[in-house]
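In what follows, a single structure is set out as structure tokens and then discussed.
Here, each number is a calculation from the coordinates, and none is a lab measurement. Nothing here was measured: the structure is a model prediction, and the numbers come from that model. We place every Cβ from the backbone using ideal geometry, glycine too, and count neighbours over all the protein chains shown.
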Amino acid sequence: MNILFGYWRTLRQYLATPKGRHDSRDYGRALLFMALTIVLIYIGLYVWGGIR
């Protein structure tokens, strides 16, 4: 369990740096765009009868 706390502490320290904050925003934005793309494709397939 201590290993997990060590990883968590290291992640928090990394995110506290300017590079870590920038990277986390970039990764978050990329995940958001991927999720929106998946949702839009799913809706498109549903509307045009590809998924029933």
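Side notes on the structure shown:
- Debye, to nearest 20: dipole size of the chain, +1 on Lys, Arg Cβ, -1 on Asp, Glu Cβ: 160 debye
- Think of the range 9-52 as a dipole: +1 on every Lys or Arg Cβ, -1 on every Asp or Glu Cβ, centred on the Cα centre; then among GLY49, ALA35, LEU11, LEU11 lies furthest on the positive end.
- With Cα atoms, 0 to 90° folded angle of helix 2-15 axis to the chain main axis: 80 degrees
- Largest first, the three principal axis extents of the alpha carbons in the chain are 50, 28, 7 Å in whole numbers.
- The long axis of helix 18-47 is offset from the longest Cα principal axis of the chain by roughly 20 degrees.
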